[in-house]
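For reference, the structure is listed below as structure tokens.
The values are calculated or read from the model by the stated rules, or taken from the named source; none is laboratory data. Just so it is clear, the structure is predicted and the values come from calculations on it, not from any experiment. Cβ: placed from backbone, ideal geometry, glycine included. Neighbour counts: every protein chain shown. What goes into the accessible areas is simple: the full protein's heavy atoms, side chains included, and nothing from ligands, DNA or RNA. Shrake-Rupley method; radii C 1.70, N 1.55, O 1.52, S 1.80 Å.
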Amino acid sequence: MAAVTRGCRSWGSLLGLLALVSAAAAAWDLTSLHCSFGTFCECDFRPDFQGLECDLAQHLAGQHLARALVVKALKAFVQDPAPTKPLVLSLHGWTGTGKSYVSSLLAHYLFRDGLRSPHVHHFSPVIHFPHPSQMERYKKDLKSWVQGNLTTCGRSLFLFDEMDKLTPGLMEVLRPFLGSSWVVYGTNYRKAIFIFISNTGGEQINQVALEAWRSHRDREEIRLQELEPVISRAVLDNPHHGFWRSGIMEEHLLDALVPFLPLQRHHVRHCVLNELAQLGLEPRDEVVQAVLDSTTFFPEDEQLFSSNGCKTVASRIPFFL
């Protein structure tokens, strides 16, 4: 997907400038509320919902459900001065549909330093938990890391990537942090945000989208209620997913299962145009078409959905310039 930038807005009038000042003031006031407990004032938590919504609208192709669900959940959580539990979201969908992009946007628009913020913590099973034989040590280290960082800053963001490659059992150490208790291990953790990302459920989501297309239903008519049960079942049935046989699922500690739909040809075209704009290049038709022609689509008969979503768009463009 296109690179994350804060240049999404275009203020073409004094009214726009005043709106920006007003939004910044509101964000500052909101942040000051978050400084009422412990060391929140030390955090660089600076939520910018206007920027987030603008960036999602311009750059997140084909994801009406994910966009609406994430923004709604995030706004309600951040604007609540005393949430009873952390915000816990699980993002599901086919590769290249925007899951990692959305998580990076959340870091970018919630924290002043984005993914470089000391209060944004990104975990990958391949990098951080590569050896199943060392799972007990990983559990101890992860629990200590989460607890210590929440003590430093209650407004922390924890991102767990590739949950479908994580050895089951590790995430159980997070269970006490995700519920509605007031204090865990002497640490107030209710204002933290946990994001889990996986491809699990992607095939089931794709099937629902394909059936909707074959039934001549508009993509935007697909509802969350159609997708939640199939995603949940896919997670519960996958012995390689980090939530397999997990109390996190059994106790319904996830606030939302966020589905990412498979991308069609016009969505990939949108991604190509966005990437060219990010590179400062004109949207040349021959380049756009060449990238689309080099993209694999499925199923074989319909050629409807991109096999890699928009994941390889940025790397393909240079070959056709």
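Please determine whether any residue of the range 195-218 is hydrophobic (A, V, I, L, M, F, W, C) and more than 30 Å from GLU300 (Cα to Cα). Scanning the range 195-218, I find at least one residue that is hydrophobic (A, V, I, L, M, F, W, C) and more than 30 Å from GLU300 (Cα to Cα), so the answer is yes.
Residues that are open to solvent by 10 Å² or more (accessible area, probe 1.4 Å) and either assigned to a helix (DSSP H, G or I) or in contact with a Cys (Cβ under 9 Å, 6 or more places away or on another chain) (or both) within the range 63-92 comprise HIS64, LEU65, ARG67, ALA68, LEU69, VAL71, LYS72, ALA73, LYS75, ALA76, PHE77, listed in sequence order.
Of the residues in the range 164-184, at least one is among the aliphatic types (A, V, I, L, M), open to solvent by 10 Å² or more (accessible area, probe 1.4 Å) and in a helix (DSSP H, G or I). For the range 304-317, check the following and say yes or no: at least one residue is part of a strand (DSSP E or B) and surrounded by fewer than 16 Cβ atoms within 10 Å (Cβ to Cβ). Taking every residue of the range 304-317 in turn, none turns out to be part of a strand (DSSP E or B) and surrounded by fewer than 16 Cβ atoms within 10 Å (Cβ to Cβ).
What number of residues in the range 257-303 are assigned to a strand (DSSP E or B) and surrounded by fewer than 17 Cβ atoms within 10 Å (Cβ to Cβ)?
Start the filter on the range 257-303 by keeping residues that are assigned to a strand (DSSP E or B), which leaves 257-260, 264, 297-298.
After this cut, where a residue has to be surrounded by fewer than 17 Cβ atoms within 10 Å (Cβ to Cβ) as well, the list is 298.
Qualifying residue count for the region: 1.
Going by what's in this entry, would HIS252 be described as assigned to a helix (DSSP H, G or I), open to solvent by 40 Å² or more (accessible area, probe 1.4 Å) and either on the phi > 0 side of the Ramachandran plot or modelled with pLDDT of 95 or more (or both)? No; evaluated as a whole, the condition is false for this residue. Summed over the range 66-96, residues that are under 19 Å from ILE205 (Cβ atoms), among the hydrophobic types (A, V, I, L, M, F, W, C) and without any contact (Cβ under 8 Å) to a residue 40 or more places away in the chain total 1.
May I ask you to say which residue of GLY96, GLY51 is over 17 Å from ASP255 (Cα atoms) and open to solvent by 10 Å² or more (accessible area, probe 1.4 Å)?
Values: GLY51 fails: open to solvent by 10 Å² or more (accessible area, probe 1.4 Å).
Exactly one of GLY96, GLY51 is over 17 Å from ASP255 (Cα atoms) and open to solvent by 10 Å² or more (accessible area, probe 1.4 Å), namely GLY96.
If the condition is being within 14 Å of VAL146 (Cα to Cα), open to solvent by less than 20 Å² (accessible area, probe 1.4 Å) and of a type outside the set (A, V, I, L, M, F, W, C), then the range 120-134 contributes only HIS121. Taking the conditions exactly as written (under 25 Å from PRO83 (Cα atoms) and in contact (Cβ under 8 Å) with a residue 24 or more places away in the chain), does LEU210 satisfy them or not? For LEU210, the condition - under 25 Å from PRO83 (Cα atoms) and in contact (Cβ under 8 Å) with a residue 24 or more places away in the chain - is not met. Within the set VAL120, VAL126, VAL184, the sole residue that is closer than 24 Å to SER104 by Cβ and modelled with pLDDT under 95 turns out to be VAL126.
How many residues are assigned to a helix (DSSP H, G or I) and farther than 17 Å from ARG175 by Cβ when one looks only at the range 219-249?
The number of residues fulfilling the criteria is 14.
Would you confirm whether or not the range 279-295 contains a residue that is in contact with a Pro (Cβ under 7 Å, 6 or more places away or on another chain) and of a type in the set (A, V, I, L, M, F, W, C)? Checked against the condition, which is being in contact with a Pro (Cβ under 7 Å, 6 or more places away or on another chain) and of a type in the set (A, V, I, L, M, F, W, C), the range 279-295 yields no hits at all. In the range 210-249, what residues are open to solvent by 10 Å² or more (accessible area, probe 1.4 Å) and among the small types (Gly, Ala, Ser)? Matches in the range 210-249: SER215, SER232, ALA234.
One residue stands out among those in the range 99-119 that are among the hydrophobic types (A, V, I, L, M, F, W, C) and under 29 Å from ILE205 (Cα atoms): the one that is most open to solvent (accessible area, probe 1.4 Å), which is LEU115.
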